[in-house]
Amino acid sequence: MCGIFGAASSSHVHKDLIEGLSKLEYRGYDSAGLTLISKSNKIKRLRCTGKVVALKKLLATNNLMGNCGIAHTRWATHGVPNLKNSHPHNYGGFSIVHNGIIENFEEIKTFLSKKSHKFSSDTDSEVIAHLLEYFSKKHSKLSDILLNTFKKLKGSFALGIVYEKDPDKIIVASNGSPLLIGMGKNANYISSDINALISKTKKYISLDDNEFGIITKDKIELFNVKGKRIKRSASVTKQNTNAISKNGYKHFMQKEIFEQKDIITRVIKDKLGTSKILPNIFGPKSDSMLKSIKHVHFVACGTSYNASLVAKYWIEEVSDIMCTAEIASEYRYRTINVPKDTLFVAISQSGETADTIYSLKKAKQSKYRSILSICNVAESTITRLSDYSYLMQAGPEVSVASTKAFTSQLIALLLLATTLSRASDSKLESKIINQIKSLPRILSKTFELEKKMQLIAKQFKNKNHTLFLGRGASYPIALEAALKLKEISYIHAEGYAAGELKHGPLALVDKNMPVVGLMPDNNLVTQVLSNLAEVKARQGLVYIFTNKKMKLKKNDKTNIISMPACGHYIAPLVYVIPMQLLSYYVAINKKTNIDQPRNLAKSVTVE
Ligand code: F1P
């Protein structure tokens, strides 16, 4: 989604702006732009639809330079992706870049239109530049102009602003949308994403809600909404610069799929003892907090939500704890009941998903025992706002379609379920740990299916629809498989609890419909097989992924894909792998933009 980068430096920053924007590309965007303060202290703007490389060319042709500038990648929300809607937006000597949504922009637009303001875009963001100009006519002090402007804005925003009258300054503000200030040598930077900062500096400060800052090449001043100075010490990110490369793979998604075994091996080394989970892996004193938990509420979006559904199956199976899993965009607006001793768990790869952040903020106002987050980004808003946090340490996930973050979430959640099982079954822990420890070996075998998945992908590439079926903890894996396929191959896909088949989706089944059954060898095999027989009876193309030994009858059109034998608890982690490979190779066949699928964004920072 939208990304912000900016720099104030003793040297020219135009190249830094392009480099910063290119580090934000993975988030997904449809136009890009920048503003530089020229030698004569004028704001000079360049914008283009499409990719950052086009902006780079434009910059070279225009030979634009300056020591202070802001830049933006836009993912359209209000107004189509075209030139006039691209950021920065300029007015009256101000140039602004904005992430988030200004909810009262219509109201502000109407108010300012009456005062003869002419707007040149369809965006909500443009009103910010106009408001700044409006207040600059009423106040001469920069801080007064800013405070009055910020007071009028409703909604979420991360802002980068430059102003001709203060040409060496970048102004930043944040409310509900992340913004970081990177501290360099003779230069300071701003970015909505740590990934764009780390090649410049590892030292950074994050703005909290309702704060703003004024930044020059050698000074950073922070203020609250009342204009009072704030002191904040800097943090140092552990993230390294090399993590964001394809390492010889064709796509980030492919690299991230194949990284999963190593990530799990690292978790085993870092979090597990011989037969027990190491103490307090969910944060200081988390073990004693978890002992008192009677209920768990999971809240997440997309793939992270699918991970929470698996966790619900695990937790209710291994403990007496009641568990719910809910989509964040629903949770945040509905009335919730919080029983005594409930743990709220936010799951988010990025830690910046707007709906999950709002849900977490709502949970903080409710009577939860504690707030735990499972995230992949140490510097993220969700991690910062939580009482306890588990860092997945999966390395940056660049592909929009989540793969390694999903399995890393599952491992974290299996460890959470295991910790919660201690009260009701003291023997289960070592059993589950043994299964987790077998994962690297089993995943190596699972990856041997790659060739087979390439072949099967060819059979899917011309299909319009696909059904994925599973029961128990394989049901959320069916949901995740369908999500992966639709995200990157644009084939319509649905995940269903296999038992629901005849409650609707069976009507869709004919000889053109591939139906994938996920069937680990467990107590649900008979039921899944009878559901798949219903598909076969209607000429559907059946693909069964199973580790149950099954013989094929001659002339039977069913495809059985033999999975390696695996323990009951780890099956979701094993069965999702061929689903990821299948989607990847179908997308390869369809020649889609695998890492940045159309219309999607990696970090969904607006609701
Ligand atoms: C949630 C999510 C991802 C998905 C895509 C859009 O993000 O739905 O699962 O792959 O990147 O956002 P997060 O809260 O887990 O970062």
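Bear in mind that the values in this text are calculations on the coordinates, not laboratory data. Fair warning: this is a prediction, and the values are worked out from it, not measured in the lab. For neighbour counting, all protein chains shown are included, and Cβ atoms are generated from backbone atoms with ideal geometry for every residue, glycine included.
Ellipticity at 222 nm from helices only: DSSP H runs of n ≥ 4 in the chain, each -39500 (n - 2.57), divided by the residue count, give -11000 deg cm²/dmol.
Charged side chains reduced to their Cβ positions (Lys and Arg at +1, Asp and Glu at -1) give the chain a dipole of some 880 debye around its Cα centre. The range 525-571 and the range 41-115 have Cα centres spaced 54 Å apart.
Taking amide H as placed 1.01 Å from N in the peptide plane, Asn559 has its amide H under 5 Å from the amide H of Val542, Tyr543, Ile544, each at least 5 places away in sequence or on another chain.
For the peptides 201-210, 20-29, 152-161, residues were scored by their other Cβ atoms within 10 Å and the scores averaged per peptide; the highest-first order is 20-29, 152-161, 201-210. Can you bin the range 3-242 into rounded, prolate or oblate? Criterion: square roots of the alpha carbon gyration tensor eigenvalues sorted a ≥ b ≥ c, rounded for a/c under 1.5, prolate for a/b above b/c, oblate for the rest. Because its axes are fairly even, with a/c under 1.5, the range 3-242 counts as rounded.
Placing a label point 7 Å from the Cα of Ser11 along the Cα-to-Cβ line, the residues of the range 52-74 whose backbone N sits under 16 Å from it are 65-69.
Taking amide H positions as modeled 1.01 Å from N, with prolines and chain starts lacking one, the residues under 5 Å from Asn547 and 5 or more places away or on another chain are Asp521, Met563. When the listed pairs Lys141/Lys165; Lys437/Lys602; Lys23/Lys602; Lys56/Lys185; Lys502/Lys590; Lys154/Lys226 are checked against a 19 Å cut-off, the alpha-carbon distance exceeds it for Lys437/Lys602; Lys56/Lys185; Lys502/Lys590.
Evaluating 6.51 cos²θ - 1.76 cosθ + 1.60 at θ = phi - 60° for every residue in the range 91-107, the Karplus couplings come out as 6, x, x, 9, 10, 10, 10, 9, 10, x, 9, 8, 5, 9, 5, 4, 4 Hz, glycine and proline recorded as x. Of the trypsin sites (Lys or Arg not before Pro) in the range 358-467, the ones in a loop by DSSP (not H, G, I, E or B) with at most 14 other beta carbons within 10 Å are Lys367, Lys427. Computed from backbone phi, the HN-Hα couplings of the range 432-445 come to 5, 4, 4, 5, 4, 5, 7, 4, x, 5, 5, 5, 4, 5 Hz, rounded to whole numbers (Karplus: 6.51 cos²θ - 1.76 cosθ + 1.60, θ = phi - 60°; Gly and Pro given as x).
Here the chain carries DSSP beta bridges of which approximately 60% are antiparallel, counting only pairs with both residues inside. Computed from backbone phi with θ = phi - 60° and the Karplus coefficients 6.51, -1.76 and 1.60, the 3J(HN,Hα) list for the range 453-466 is 5, 4, 5, 5, 4, 4, 6, 8, 5, 9, 7, 9, 9, 8 Hz; x is used for glycine and proline. Taking square-rooted eigenvalues a ≥ b ≥ c of the alpha carbon gyration tensor, is the range 247-437 rounded, prolate or oblate, where a/c under 1.5 means rounded and, failing that, a/b exceeding b/c means prolate? Oblate is the answer for the range 247-437, as a/c is 1.5 or above yet b/c matches or exceeds a/b.
Taking the longest Cα principal axis of the chain as reference, the axis of helix 525-536 is set at about 80 degrees.
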